[in-house]
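The block underneath contains the structure these notes are about, expressed in structure tokens.
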Amino acid sequence: MLKIAIAEDEERHLTPIIQEASAFKKAQISIISKNGFDLLMSLKTVKRLPDILLLDIKMPKIDGLLLTQYITFIHPSIKIIGVSSHSNEALVTEVLSEGALGFITKFFLKRESAVYQGTYGNRNILFEAMEAVLDNKEYIDSLLFNQRDSIKKSKSTKSIIRENFANIPNTHMEYLILNAANLSHTEIAKVMNKSLASVKNYFNLLSAEFIVSNRSELVYHCTT
């Protein structure tokens, strides 16, 4: 059975998203999270990872862009579809560059609206997006991009770090992404399933390698 994870912090959107997603090929909703940290902790505990993640981009605790970076690195089998009410071309491009396969607006929750009907008629773009990503095809809501071929993706953050520091261990890469989310070291230790001492040691090693003195400087160094 198809497993779907949903990360959405607004209750008014969460309930209808669950209803819509559940109707797709009799899918089972295996994870429901209202913030980014809870999502990552849930992914650690499920017996089987979800096939698709419907990811709200404006998430508390860890935003959708950083979640995309982390999940595509740690759990690459999960197909991510970004979902947002307030999106622009730059944000969509960033999320896709970091590894999401799809991006749709929440207009799929208002299929009777003039905006949706005028663009899609009776089509179901949520189902279309899910079908596409399961087939490893990119799907982008045409309300966001009229011409999908015009999207100019940038290199992912992971690729940039790899190019500049080819021998960086995977655990250090994982720490760098979580550090950018502004989690406490205690929270990072929980996500990584490491001791607090180990996590602090990752920072010490990376700060020495990148010649920075604090966690904010480490984020700046890795994102510029």
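The values are calculated or read from the model by the stated rules, or taken from the named source; none is laboratory data. It should be emphasised that the depicted structure is a prediction, and the values quoted were computed from it without experimental measurement. Glycine gets a Cβ as well: all are built from the backbone with ideal geometry, and neighbour counts include every protein chain shown. For accessibility, only protein heavy atoms count, side chains too; no ligands or nucleic acids. Shrake-Rupley method; radii C 1.70, N 1.55, O 1.52, S 1.80 Å.
Odds and ends about this structure:
- Restricting the search to helices (runs of 4 or more DSSP H) fully inside region 121-224 and requiring at least 2 residues that are open to solvent by less than 40 Å² (accessible area, probe 1.4 Å), farther than 30 Å from Leu109 by Cα and not small (Gly, Ala, Ser) gives 157-164, 170-180, 185-192, 196-210, 215-223.
- Matching option when the condition is among the aliphatic types (A, V, I, L, M), farther than 26 Å from Ala189 by Cβ and touching a Phe, Trp or Tyr at 6+ places or on another chain (Cβ under 8 Å), among Ile29, Ile4, Ile18: Ile4
- Residue within region 151-169 that is at pLDDT 90 or above and within 18 Å of Pro76 (Cβ to Cβ) present: yes
- Scanning region 8-30 for residues that are closer than 14 Å to Leu49 by Cα and open to solvent by less than 60 Å² (accessible area, probe 1.4 Å) returns Ala27, Ile29, Ser30.
- Cβ-Cβ distances below 6 Å connect the following pairs, each with a first residue in region 1-29 that is closer than 18 Å to Lys58 by Cα, a second residue that is open to solvent by 40 Å² or more (accessible area, probe 1.4 Å) and in a loop (DSSP other than H, G, I, E, B), and a separation of six or more residues or different chains: Asp9/Lys34; Asp9/Pro60.
- Candidate set: region 70-90, residues that are touching a residue at least 60 places away in the same chain (Cβ under 8 Å) and assigned to a loop (DSSP other than H, G, I, E, B); chosen: the one nearest to Ile18 (Cα to Cα): Ser85
- Test: Asp38 is open to solvent by 50 Å² or more (accessible area, probe 1.4 Å) and either in contact with a Ser or Thr (Cβ under 7 Å, 6 or more places away or on another chain) or closer than 23 Å to Glu187 by Cβ (or both): yes
Yes/no per residue for (1) more than 23 Å from Glu131 (Cα to Cα); (2) free of Cβ contacts under 8 Å to residues at least 40 places away in the same chain; (3) assigned to a strand (DSSP E or B); (4) of a type outside the set (A, V, I, L, M):
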position: Phe37; (1), (2), (3), (4): yes, no, no, yes
position: Met41; (1), (2), (3), (4): yes, no, no, no
position: Pro50; (1), (2), (3), (4): no, no, no, yes
position: Thr68; (1), (2), (3), (4): no, yes, no, yes
position: Val92; (1), (2), (3), (4): no, no, no, no
position: Leu96; (1), (2), (3), (4): no, no, no, no
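- If you filter region 57-80 down to residues that are over 19 Å from Met173 (Cα atoms) and at pLDDT below 95, you find that the one that is surrounded by the fewest Cβ atoms within 10 Å (Cβ to Cβ) is Pro60.
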